[in-house]
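A short write-up of the structure that comes next.
The values are calculated or read from the model by the stated rules, or taken from the named source; none is laboratory data. No experiment lies behind these values; they were computed from the predicted model shown. Note: ideal-geometry Cβ built from the backbone for every residue, glycine included; neighbour counts use all protein chains shown.
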Amino acid sequence: MYVRRAWDDELDACAALYERVAGSLFDWAPQEDLTAVAIRPSFDLEEVYIALQDGALTGFLSFYRPGNFVHSLFVERRGCGAGTALLAHMSDVTEGPPTLKCSELNLEAMAFYLNRGWTEIERGDTDGLAWRRLRARLTPAGELRNRN
């Protein structure tokens, strides 16, 4: 698994991956929010990192630096290591532990983050959808803690 910053000409492929994955998982969210067209503009404000396996895109993470915030993390196939590799890469690019918000309905993602040492720091609700804000833990050396 290889992780690096996405090139501009790869962002449309990341948006298409988002549409495939989010559209199949998030039946509670408005479907118009789960399209490539909906997410693509956010990439202009964020740093996008991709996971490649054998040269093929397997996942991406978008990071909003001013807020030290992971906006999105999506992988084509769960369990292949792409999500873990993308989170581990964050220790090289963040200043301090990043945060993210995860829908309480996204049980698999919540378990994924908690199993990797992220801790809950806030709860909220947006348009009737409950979410939790999580923060990564850092090791004494300043690297993100990754249990797996």
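A few notes on this one:
- Sole residue being among the small types (Gly, Ala, Ser), at pLDDT 85 or above and in contact with a Pro (Cβ under 6 Å, 6 or more places away or on another chain), chosen from ALA136, ALA85: ALA136
- Residue count, the range 112-128 (criterion: under 22 Å from VAL48 (Cα atoms) and without any contact (Cβ under 8 Å) to a residue 12 or more places away in the chain): 0
- Per-region count, the range 79-111, residues without any contact (Cβ under 8 Å) to a residue 40 or more places away in the chain, closer than 17 Å to ALA51 by Cα and assigned to a helix (DSSP H, G or I): 2
- SER62 being touching a His at 6+ places or on another chain (Cβ under 9 Å), farther than 13 Å from PHE112 by Cβ and of a type outside the set (Val, Ile, Thr): yes
- Pairs linking a residue in the range 28-45 that is under 18 Å from GLU104 (Cα atoms) and surrounded by fewer than 16 Cβ atoms within 10 Å (Cβ to Cβ) to a residue that is modelled with pLDDT under 70 and among the hydrophobic types (A, V, I, L, M, F, W, C), with Cβ atoms under 7 Å and 6 or more positions apart or on different chains, do not occur.
- Among the residues of the range 34-78, the ones that are hydrophobic (A, V, I, L, M, F, W, C) and assigned to a strand (DSSP E or B) come to 14 in all.
- Across the range 64-102, the number of residues qualifying as crowded, with 18+ Cβ neighbours inside 10 Å and not β-branched (Val, Ile, Thr) comes to 17.
- Scanning the range 109-123 turns up no residue that is modelled with pLDDT under 90 and under 26 Å from ALA16 (Cα atoms).
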